[in-house]
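What follows is a single structure, written as structure tokens, with notes after it.
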């Protein structure tokens, strides 16, 4: 090790928390350099460090071969360092400690920091030099106050953004906590006013703040500086600044930092919801949905909240994009089950999304471009008390888009067995091209006004719309059409969200905080689907064309108010409580052939309730959190009580056991309208207590995790019971004429029914994650079973539509200097579906005939296994000071072009079943460019 020390030159002032990056930044601006240098670069930096009392760390061996001949006249020290680094292809980086690191490659930072620390330890941090104003004599730090309370706030030092879920602890004590949604924290019974507060947050440099007699009487502002983007560090809590983090003390909680999403392969934009699909327990093989299929649940059973209001449609463009622009998002947390009583109205999981407030110090702007979409954002201070954030995004369908779909996305059509029964008999398949025409756009806006240090008001707005045209021509095998012509299918869909919230945050005292929201959410989904053409023969051998058309509209409005409170009673007890009221209105209409509305629902409901939970920490190893939620639901006139309980215990400092249980209710559901021919459809309805019951679930979750600085190994098991599930079925029968042949005397009879059922989900999840080093990533395996039981389909449980029995994921990331390489492999067994096997016709006594379908057992068939490999490479664009200003990326989706089936559609033609496989994307390359300006 002695051999390494001469390679590192360190000139520094005494290491002390008051000598922070902020003061160093100011020094670099204030100090004026008048000097002529004609020497090697290492000698120049030695001179600057000595003359101006700044700490500079560099590799002497690297810089001693670089010469400097330059006359600096009346130039700020910052400009001198920046020019010198630029001329020699170097970068500089200022740590939160105030140390300046000179880097040839970004990866040099970890090595220089490590060797610098060893040097400091070896010399006991005693280097003789002149005293500066930053010095504090440690011996003179005499405590004046004992066992008092403090509160503080963790923010981004450069933007002023609050940092929720940051880890905060009092050094050399058992006191630790995490910040709330506004970045605030509270400690009671702090030992003395000379204690040190340690703070860490994913993506930021760990930092510490020394208390004094003055700071304890005001809110302690802990400003954090971002980490060098390419560095994988362990923070003081042992967590990595990675793409995805877990909370070892909570059950099934995933934390995501959108800033790191560009390290993962993506088909379109950086996608916060699709990133969760790479973790165990969240199905990752749903290309057609960014919605979360969590532990056997369906997307409508996942509550998605953005700045307090509910988002009902969470994806764009067949699910290939999520509804959220990552540039407008600050942080995301997903609760995979057993969530606290603060959240309600869903049976499976919760995804809480906090939007950015906007930069309080300077104007920032950026763009993200890809071959499929473009987005831009602007954040700026409007005054010393207010900020504004704007973000927009739109997809476009250019030549590259068409080339992708034309080359790789084919649907294959097969002829089924004939009338009169029989098996599937599929054969004679032929290709049929489908080129969807679609686009989406969304917009985010947020205005924040700081009334005073204790009060803040913010207004958040979101709007997103998709327009999809999946129309196509369906060719028919010879002999099925009187003239050999095909069927024209029209399929137009428009859907989207609009949401907004007004939030008032108040800090009432060091112990008491509140958030009050007024929220509005709306959802719409309009679909027009029809088929026409062909040349069908009636019973007399006369050719006729046919037309069939359905129009489906679903609209939802949700207006609400909620109040959330947090009270730190003692250092071991924290009470979280609140209340809420919502008014919901849902309309659903389903019309066929303009003859009448098969469904014509217009329902509304009022919900109101309260919740409370107690967070208890008897000691540093044990955490328990009981809670209760009570809701009164207007349409049923009943109260619904939801007890919750979660707990964790640290067996050792690395080994944790945890568990959770609870009861959950859901009052609006996205029920399934079974449509065997055109594919199942979902629509939102309100529970009414009769034919549409209130959904109910009970969760039982247990897990064990082992985590050290480099690795995390976690095993979690779960079991859920569900009741009040709803499915809707449309049954159609034709009488008269010759079955499915066109005949003027044919009549169509339609019956509709709501069916109530139960469900059960169970599974085991294994995760092994490598958190440190140039190579990081994780592998996971999930064994799960999701089953439903509806009496209309029999007395036994059957596999639910979302059932995936086995799922394996391998996420691999490698970093080299500014380059980031990634490869993800996903495998799952196929999903179940119900298929028509054949048709048969029965002649009635009056000479007419009725045609029926032979249907397989409910979800008795399974699609083929799903698997794909995605790869990506990105290059970080850095400024001279080391801060990231963008990236260039190339990703490859489905590298080996495996054909994965999305779903199957069926058409009836002359008593034949025509099957169409609609496939997911094949090999799809994408190029991305991200740029930021300040």
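FYI, it's all coordinate maths here, none of it is from the lab. As the structure is a prediction and not an experimental result, all values here were calculated from the model. Every residue, glycine among them, receives a Cβ derived from its backbone with ideal geometry; neighbour counts consider all protein chains shown.
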Legend entry - Label-point separation, residue 192 to residue 774 (7 Å along Cα→Cβ), nm: 4.6 nm
Inset, instruction - Ratio to report: Rg/Rh of region 69-118, with Cα atoms as the point set and Rh obtained by the Kirkwood method; give two decimals. - result: 1.03
Inset, instruction - Quote the relative contact order of region 145-224 in percent (integer), defining contacts as alpha-carbon pairs under 8 Å separated by 6+ residues. - result: 38 percent
Inset, instruction - Subtract the Cα-Cα distance of residue 606 and residue 825 from 0.36 nm times their separation in residues, and report this length gain in nm to one decimal. - result: 74.3 nm
Inset, instruction - Give the order of 785, 330 when sorted by the count of other beta carbons within 10 angstrom, beginning with the fewest. - result: 785, 330
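Sort 76-88, 99-111 by the packing proxy (mean of other Cβ within 10 Å over each peptide's residues), most packed first.
99-111, 76-88
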Inset, instruction - Kindly state, to the nearest 0.05, the FRET efficiency for residue 927 paired with residue 86, given R0 = 30 Å and r defined as their beta-carbon distance. - result: 0.60
Legend entry - Added length on full extension, which subtracts the Cα-Cα distance from 0.36 nm per residue, residue 896 to residue 145: 263.7 nm
Legend entry - Within region 79-93, backbone nitrogen closer than 19 Å to the virtual label 7 Å beyond the Cα of residue 26 toward Cβ: 79
Inset, instruction - When you have a sec, figure out the Kirkwood radius of region 145-224 from all distinct Cα pair distances and drop it here in Å to one decimal? - result: 12.4 Å
Inset, instruction - Please work out how much length the chain gains when fully extended from residue 570 to residue 528, using 0.36 nm per residue of separation minus the C-alpha to C-alpha distance, in nm with one decimal. - result: 9.2 nm
